[in-house]
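Please read the structure below before turning to the comments.
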Amino acid sequence: MIYVIGIGIHGRDSLVERPLRLIDEAGLIVGGKRHLDEFPAATGQKAPFKGLSEAASCIRDFLKRGKGHVVVLATGDPLLFGIGSFILKEFGPDRVEVIPNVSAVQEAFARIKDEMNGVKVLSAHGRETDFDSLADEVAGNTKLALFTDKENNPAKLSRELLKRGVSGVRVFVCEALGTKREKVSEGTLEIIARRKSFDPLNVFIILNEKGGSQKSGFGISDSLFIHSGGMITKEELRVIALAKLNVTRHSVVWDIGACSGSVAIEAARLTCGNVYAIEKEAARVKDIEENARRFKTENLVIIKGEAPAALKGLPAPDAVFVGGGGEGVEGILSLVSRRLKKGGCVVINAVTMETSSKAFEFISKKGWEKELLLVSISRSKKVAGLTMLSAHNPLFIITGRKPL
């Protein structure tokens, strides 16, 4: 039989009578040096941990000899990014019993005096980390706890999240819990990103009050936006444009000729990255500002100015929406084509055939993947107690995707 026993932050003192007896009576004890040193009086063979495959081979060799049971010492909860999952897969549940202890994550939340309800636990320890996915996790959760290592330490994780537009979160680094070196630091990603060193035993906690608040879809009613003189990308057309833009959790977006800011605001609710709303008319800028307050889109950056000049110095975008009246569309697309990231999308809404033709021709000459839609939308309305349809102006939607 194999017993996988979790050791808490207080070492031997964290164990009750049964696991202590199992350790004392074990024929083979596998564990890290720190854990093995907690049991100097144990008489069984001690095998310092040198890797998963070596541990499995050592256990198999011992079990073939049939001289007692095996104990594998683990940290905290062995099934929380621990060795317990590996041992179960290697030897099967009938030959393994897991005896958990208080995990480092539980201890960390106790230190910061916050409940663990809703926390998602991830690990960047000893594995390649997908930082885009990590940014998605921060956006999608109110509480995140990460096991880190020397390479993927809290400073590096903070820097990578900042690059992907994550902001407005509180973070804690809980180091060497239960030891004389114990330290709990609170701050922001910006503060932690500047730290030079960390204890190798640490838990990185990210608290995001807005986590999970972004909609998984889009399509806010036009009536919820402030707009002047009907200058708004209508709800149904906005939904199509946003779908074509393919905004992800970490996209940087430009909305050129933003009018009321409806496209920019919906995009800002879909990404942790910054969304830049460029509008030249002062009255419309005020509408965007009020709509941004209304929808609490803190990652929306409003720029009063005229494209393409107003685009100078902005971060390279993953997605660009071009609305407005269509004036100077070729000059705007010329700059966009240079700045748009590879694989990125540009979507142009055009009311006139001339603007549509210029935009489609420009993208065609670039050799990009392209698409042109003509969309006609009609809404029902009541007239003298009856229902009839009222049509919006038809709209051309041109999409171009820059090659990878």
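Quick note: the coordinates plus some simple rules give every number you see, no bench work behind them. Just so it is clear, the structure is predicted and the values come from calculations on it, not from any experiment. Cβ: placed from backbone, ideal geometry, glycine included. Neighbour counts: every protein chain shown.
Among Ile240, Leu207, Ala283, which residue has its Cα furthest toward the positive end of the charge dipole of the range 183-302, with +1 on Lys/Arg Cβ and -1 on Asp/Glu Cβ?
Leu207
Find the centroid of the Cα atoms in the range 1-73 and in the range 110-168, then give the distance between the two in whole Å.
If you average the Cα positions of each part, the centres end up 31 Å apart.
Mind ordering 286-299, 336-349, 367-380 by average Cβ neighbours within 10 Å, highest first?
336-349, 286-299, 367-380
Of the listed values [x] 71, 55, 42; [y] 91, 63, 38; [z] 88, 51, 39, grab the one calculated as Cα extents along the principal axes in Å from the structure here.
Derived directly from the coordinates: [z].
Which net charge results when you count Lys and Arg as +1 and Asp and Glu as -1 among the other residues whose beta-carbon is under 12 Å from that of His10?
-3
Size of the dipole of the range 222-401 about the Cα centre, Lys and Arg at +1 and Asp and Glu at -1 on the beta carbon, nothing else charged, in debye to 20?
Value, rounded to 20: 340 debye.
What order do you get for Thr399, Thr188 when you list them from fewest to most C-beta neighbours inside 10 Å?
Thr188, Thr399
Can you show me the helix-derived [θ] at 222 nm for the chain, built from DSSP H runs with n ≥ 4 at -39,500 (n - 2.57) apiece and divided by the number of residues, rounded to the nearest 500.
Helix contribution divided over all residues of the chain: -9000 deg cm²/dmol.
When the dipole is taken about the Cα centre of the range 58-146, and only Lys, Arg (+1) and Asp, Glu (-1) are charged at their Cβ, what size is it in debye, to the nearest 20?
That gives the range 58-146 a dipole magnitude of about 560 debye.
Evaluate the charge dipole of the range 240-296 about its Cα centre and quote only its size in Debye, nearest 20, assuming +1 on the Cβ of each Lys and Arg and -1 on the Cβ of each Asp and Glu.
200 debye
Which order do Tyr3, Tyr276 fall in if you start with the one that has the fewest other Cβ atoms within 10 Å?
Fewest-to-most Cβ neighbours within 10 Å comes out as Tyr3, Tyr276.
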